[in-house]
Amino acid sequence: MRTVTANTLHETERFLRLNARLIDRLRFEHHFRGRSADDAAAALAAYRNPDGGYGNALEPDLRGTGSQPQHAEIALRLLDELDRLDQAVAAPLCGYLAAITEPGGGVPLVLPSVRGTPAAPWWIDGPQTGGDLNPTAAIAGLLHRHGVRHPWLDGATDFCWTRIAELGPPSPGDAEAGLAFGYRAAAVLTFLEHAPDRARARAEFDRLAPALRAVALPEDGRESHHGPLALAPRPDCLGASLFTPEETAAALDATVAAQQPDGGWRPGFPFWTPITEPEWRGHLTVGNLVVLRAHGRVAEAG
C-alpha cells in the first residue's frame, strides 16, 4: 500500500512555498500543520466580488476579474473543505446566483461575459447559455450539506431533480459528450449525497450507478478524466459504493505514485499560459493530499 510519508510531505510543503498561491499554501498549513482555517478562508474572501460572486482567477483558467458560476463552485468546495460555509457566507453568493439564473432554475457553466477576458480557449468556445447540472448540482448540494436557506436554492433544487431525471449515459464513441457527462457526474453526486429528499436521491443514484461507474472505469479500457477518487473523494461518501475496495485501493496507489519528484502533482490537461501551471499544480496538490488523508494514505507525523 503506497502512502505519502512524513518526509514526502515536507517536500510537498517546500513545493507549495515555492510555487503555490497563498490560498493553497494556507489550505495545506491548515490541514497538515494545524493553522486555523480562518486564515485560508480570509485568503479565499479576496476572490469575492461586490456582486457576491467570485472571480479574479480563483479558477486559474478564467483569469478575468468578473464573477463566474465556476468560481462559485470552487469557492463553495473550498469553504466546505475548510468547514467555513454558513448562512452568512452563502447569502451574498446566492444573491449573485439568483441574478444570473436561467429560466428553469439552473445557472450556466460559463457566462457570455467570458468573451473579451483572458481565459482558456475551452472556456471561450464552450456553452455560454442555458442552465446546466454542472455546476448547478454541485453548488446546490454543497449548500444543502451546510443547511443554507435561500429562495435561489429552492428553484435550483427543482431544476436539478428535473435534469437528473432526464440524465442518461452518453452515446458510445462520443468523446465530447463523455467528457461533459463526467463533469456532470461529479456535480450530480454532490447533489444526490446532500439533497434533503433522501429516498428520491437514493433512487436516482441507483438508476445512474452503472453510468457513473463507467465514467471512472470505462469498459473499453480508455483512460478516464474522472477516476474513482473524483467520484469518491472520501470513503464514507455516496460515490464510494460505486467501486470495490480493490478498485479504490488501486486508484489511491496510482495517485500516490503520480506525485512528482518536486513534491507536487500535475493535472492531466494542458496549460495555455505560464501562470496557470503553478496555480493549478498547487490547487491540485493540496486537493490530492486531502483525499489521500481521508483514505488513510498520508502519514500524520511530521
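Overview of values
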| item | result |
| --- | --- |
| Qualifying residue in the stretch 138-146 (condition: loosely packed, with under 14 Cβ neighbours inside 10 Å and not in a loop (DSSP other than H, G, I, E, B)) | no |
| Criterion (within 18 Å of Ala186 (Cβ to Cβ), among the small types (Gly, Ala, Ser) and in the same structural domain as Ala185 (by TED's automatic domain parsing)) met by exactly one of Gly116, Gly105, Gly155, Gly141 | Gly141 |
| Residue match in the stretch 198-210 (condition: in contact with an Asp or Glu (Cβ under 9 Å, 6 or more places away or on another chain), outside the structural domain of Ala294 (by TED's automatic domain parsing), in contact (Cβ under 8 Å) with a residue 12 or more places away in the chain and not in a helix (DSSP H, G or I)) | no |
| From the options Gly282, Gly268, residue that is touching a residue at least 40 places away in the same chain (Cβ under 8 Å), within 18 Å of the chain's Cα centre (by Cα), part of a loop (DSSP other than H, G, I, E, B) and closer than 19 Å to Ile74 by Cβ | Gly268 |
| Residue that is modelled with pLDDT of 95 or more and surrounded by 15 or more Cβ atoms within 10 Å (Cβ to Cβ), where the choices are His194, His226 | His194 |
| Residue check, Asn7 farther than 27 Å from Ala250 by Cβ and out of contact with any Asp or Glu (no Cβ under 8 Å at 6 or more places or on another chain) | no |
| Residue pairs meeting the criteria (Cβ under 8 Å; at least 6 apart or on separate chains; first farther than 9 Å from Val107 by Cα, in the stretch 128-147; second of a type in the set (S, T, N, Q)) | Ala137/Thr190; Ala138/Thr190; Ala140/Thr157; Gly141/Thr190; Leu142/Thr190; His144/Thr157; Gly147/Gln87 |
| Exclusive hit being under 18 Å from Arg2 (Cβ atoms), at pLDDT 95 or above, under 16 Å from the mean Cα position of the chain (by Cα) and among the small types (Gly, Ala, Ser), set Ala258, Ala232 | Ala232 |
| Unmet requirement for Gly52, which otherwise passes all of (1) in the same structural domain as Gly106 (by TED's automatic domain parsing); (2) farther than 14 Å from Thr117 by Cβ; (3) in a helix (DSSP H, G or I); (4) in contact with a Phe, Trp or Tyr (Cβ under 9 Å, 6 or more places away or on another chain) | (3) |
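The values are calculated or read from the model by the stated rules, or taken from the named source; none is laboratory data. This structure is a prediction, so every number in the text was calculated from the model and none was measured. Ideal geometry is used to build each Cβ from the backbone, glycine not excepted, and the neighbour counts take in all protein chains shown.
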